[in-house]
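Undergrad: The structure follows.
The values are calculated or read from the model by the stated rules, or taken from the named source; none is laboratory data. Every value quoted in this text rests on a predicted model; they were computed, and no experiment measured them. Backbone-built Cβ (ideal geometry, glycine too); neighbour counts: all protein chains shown. Side chains included, ligands, DNA and RNA excluded: accessible areas come from the protein's heavy atoms. Shrake-Rupley method; radii C 1.70, N 1.55, O 1.52, S 1.80 Å.
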Amino acid sequence: MVQQVPENINFPNEEEKILLLWKELNCFKECLKQSKNRPRFNFYDGPPFATGLPHYGHILAGTIKDIVTRFAHQSGFHVDRRFGWDCHGLPVEYEIDKTLGIKGPEDVAKMGIEAYNKECRGIVMRYAKEWEFSVTRLGRWIDFENDYKTLYPEFMESVWWVFKQLYDKGLVYRGVKVMPFSTACNTPLSNFESHQNYKDVQDPSVTVSFPLEEDPDVSLVAWTTTPWTLPSNLALCVNPELQFPGIVLKGKKYKPLFEYFIQCKEKGAFTVLVDGYVKEEDGTGVVHQAPYFGADDYRVCMDFNVIQKDSVPVCPVDASGCFTAEVTDFAGQYVKDADKHIIRWLKEKGRLIHSTTFQHSYPFCWSVTLTNQKLQPETLKKEDEHPKRHHPKSSSLSHTCYYTIKTSNSKPFTL
């Protein structure tokens, strides 16, 4: 006999009843048991970081993943669903650094990598129960008992196996990319990581002159809030569509601010370039280009052959955010501390037009240090060169290996 539906339904209570029924009947495991001889449907789930609690983004993505895998099961497939934990990267390290008062790589070296890793492993399951409760309450069917962690050697080996398949097929090359970089952690950051902690800050705001070689009495004027990038200036850029300054300035030579990298002039540096990314809403319509500290700068200077793929990078900042020996006037200074000294130098040389401060939103890493852009060597998947080639064994995972980062002395940059 069909039970009458009450006029007022408490949906949360009804959900609890369904969850209890699923648990009593062991529905999820029974479904896996009944479907074990069916064709497999492989679903590669991007696991959450192990050190934080679930939030709305996890809930939304988890619901979509549950829909996909349930549909696959109902379409005649066997679908293993194992919960995973992302144990790599800064989130875990940051928690340990806070607990142990670690300030940088030197502290880790004193402690020892083995001891540091042991501390990191000790917290990866800190919120496991909270995750299991939340995910189960949402009604998602997934196996927590047979979970996986990215710190498992077999998991890491599987990723390297996929990468080797790409390498063996000639689908990877070594290149560079300007990326967020943390000078406190001495490591590049993903865009996701660098976007997690924006703060309003007061930065220097300077307007600087660039006298033309053809007529030193005429100067181009550029504005920047990062004076520390000026020693690495290799070009200026204007929008060719703007009435002023426009296309007429293309190719004009100017006097460099500094001569640390004067040798680059032989390959076209210290020239006015053109590109549509320059807008008239901000600044002067002339943008200073430090190609190894800005993605657009790098792209534009590459387009005009001011720099090449095999060029020695003009990247005079070390992993701790200090100027290297090439920048003789400011060597050893942390770049943000050097801002005021660079401004004073510009004033003494008669190149400073105006100096004030400017408040804007800027990314910080977990260590509460500024996140800037810096050149980073990386290994890239050559999708552009082989757009129609597919590899059945690795296509499902290839997105997880789109690029791998290898640090060196010329890195993308986060302060």
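Undergrad: Looking at segment 208-216, is at least one residue open to solvent by 10 Å² or more (accessible area, probe 1.4 Å) and under 31 Å from the mean Cα position of the chain (by Cα)?
TA: No, every residue in segment 208-216 fails to be open to solvent by 10 Å² or more (accessible area, probe 1.4 Å) and under 31 Å from the mean Cα position of the chain (by Cα).
Undergrad: Hey, could you check segment 160-176 for residues that are in a strand (DSSP E or B) and open to solvent by 30 Å² or more (accessible area, probe 1.4 Å) and say which is farthest from residue 43 (Cα to Cα)?
TA: Taking the candidates together, the pick is 176.
Undergrad: Give the residue that is farthest from residue 149 (Cα to Cα), with candidates limited to residues of segment 110-127 that are of a type in the set (Gly, Ala, Ser) and at pLDDT 90 or above.
TA: 112
Undergrad: Would you confirm whether any residue within segment 315-323 is among the aliphatic types (A, V, I, L, M) and touching a strand residue (DSSP E or B) at 6+ places or on another chain (Cβ under 7 Å)?
TA: Yes, there is a match, as at least one residue in segment 315-323 is among the aliphatic types (A, V, I, L, M) and touching a strand residue (DSSP E or B) at 6+ places or on another chain (Cβ under 7 Å).
Undergrad: Output the residues belonging to segment 305-331 that are under 18 Å from residue 262 (Cβ atoms) and out of contact with any helix residue (DSSP H, G or I) (no Cβ under 9 Å at 6 or more places or on another chain).
TA: Correct list: 312, 313, 324, 325, 328, 331.
Undergrad: I've got another one for you. Hey, could you check segment 334-344 for residues that are open to solvent by less than 50 Å² (accessible area, probe 1.4 Å) and in contact with a Phe, Trp or Tyr (Cβ under 8 Å, 6 or more places away or on another chain) and say which is farthest from residue 257 (Cα to Cα)?
TA: Residue satisfying both the conditions and the ranking: 336.
Undergrad: Among what's in segment 177-201 and is under 17 Å from residue 334 (Cβ atoms) and not polar (S, T, N, Q), pick the residue that is most open to solvent (accessible area, probe 1.4 Å).
TA: The selected residue is 185.
Undergrad: Another question, then. Which of the residues spanning segment 306-327 are in a loop (DSSP other than H, G, I, E, B), touching a residue at least 60 places away in the same chain (Cβ under 8 Å), β-branched (Val, Ile, Thr) and over 15 Å from residue 269 (Cα atoms)?
TA: 327
Undergrad: Also: Of the residues that sit in segment 243-267 and are assigned to a loop (DSSP other than H, G, I, E, B) and among the charged types (D, E, K, R), which one is most open to solvent (accessible area, probe 1.4 Å)?
TA: That would be 259.
Undergrad: Could you give me the residue pairs with C-beta distances under 6 Å whose first residue belongs to segment 33-48 and is of a type in the set (Asp, Glu), whose second residue is surrounded by 10 or more Cβ atoms within 10 Å (Cβ to Cβ) and assigned to a loop (DSSP other than H, G, I, E, B) wherever it lies, and which are 6+ apart or on separate chains?
TA: So the pair list comes out empty.
Undergrad: Among the numbered criteria (1) surrounded by fewer than 21 Cβ atoms within 10 Å (Cβ to Cβ); (2) modelled with pLDDT of 85 or more; (3) more than 13 Å from residue 286 (Cβ to Cβ); (4) in contact with a helix residue (DSSP H, G or I) (Cβ under 7 Å, 6 or more places away or on another chain), which single criterion is violated by residue 240?
TA: (3)
Undergrad: Still on this structure: With respect to residue 64, is the statement that it is among the hydrophobic types (A, V, I, L, M, F, W, C) and crowded, with 16+ Cβ neighbours inside 10 Å true?
TA: For residue 64, the condition - among the hydrophobic types (A, V, I, L, M, F, W, C) and crowded, with 16+ Cβ neighbours inside 10 Å - is not met.
Undergrad: Could you tell me which residue of segment 268-283 is least open to solvent (accessible area, probe 1.4 Å), considering only residues that are of a type in the set (D, E, K, R) and under 17 Å from residue 299 (Cβ atoms)?
TA: Here the residue is 275.
Undergrad: Among (1) touching a residue at least 60 places away in the same chain (Cβ under 8 Å); (2) in contact with a Leu (Cβ under 8 Å, 6 or more places away or on another chain); (3) part of a helix (DSSP H, G or I), which single condition is residue 69 missing?
TA: Residue 69 satisfies all of (1) touching a residue at least 60 places away in the same chain (Cβ under 8 Å); (2) in contact with a Leu (Cβ under 8 Å, 6 or more places away or on another chain); (3) part of a helix (DSSP H, G or I) except (2).
Undergrad: Ok, one more. Tell me, which helices (runs of 4 or more DSSP H) wholly within segment 80-159 include 1 or more residues that are touching a residue at least 24 places away in the same chain (Cβ under 8 Å), within 27 Å of residue 64 (Cβ to Cβ) and among the aromatic types (Phe, Trp, Tyr)?
TA: Where helices (runs of 4 or more DSSP H) fall fully within segment 80-159 and carry at least 1 residues being touching a residue at least 24 places away in the same chain (Cβ under 8 Å), within 27 Å of residue 64 (Cβ to Cβ) and among the aromatic types (Phe, Trp, Tyr), they are 128-137.
Undergrad: Report every pair of residues separated by at least 6 positions or lying on different chains whose Cβ atoms are under 6 Å apart, first residue within segment 330-352 and touching a residue at least 12 places away in the same chain (Cβ under 8 Å), second crowded, with 17+ Cβ neighbours inside 10 Å and among the polar types (S, T, N, Q).
TA: Sorted first by the residue in segment 330-352, then by its partner, the pairs are 351/209.
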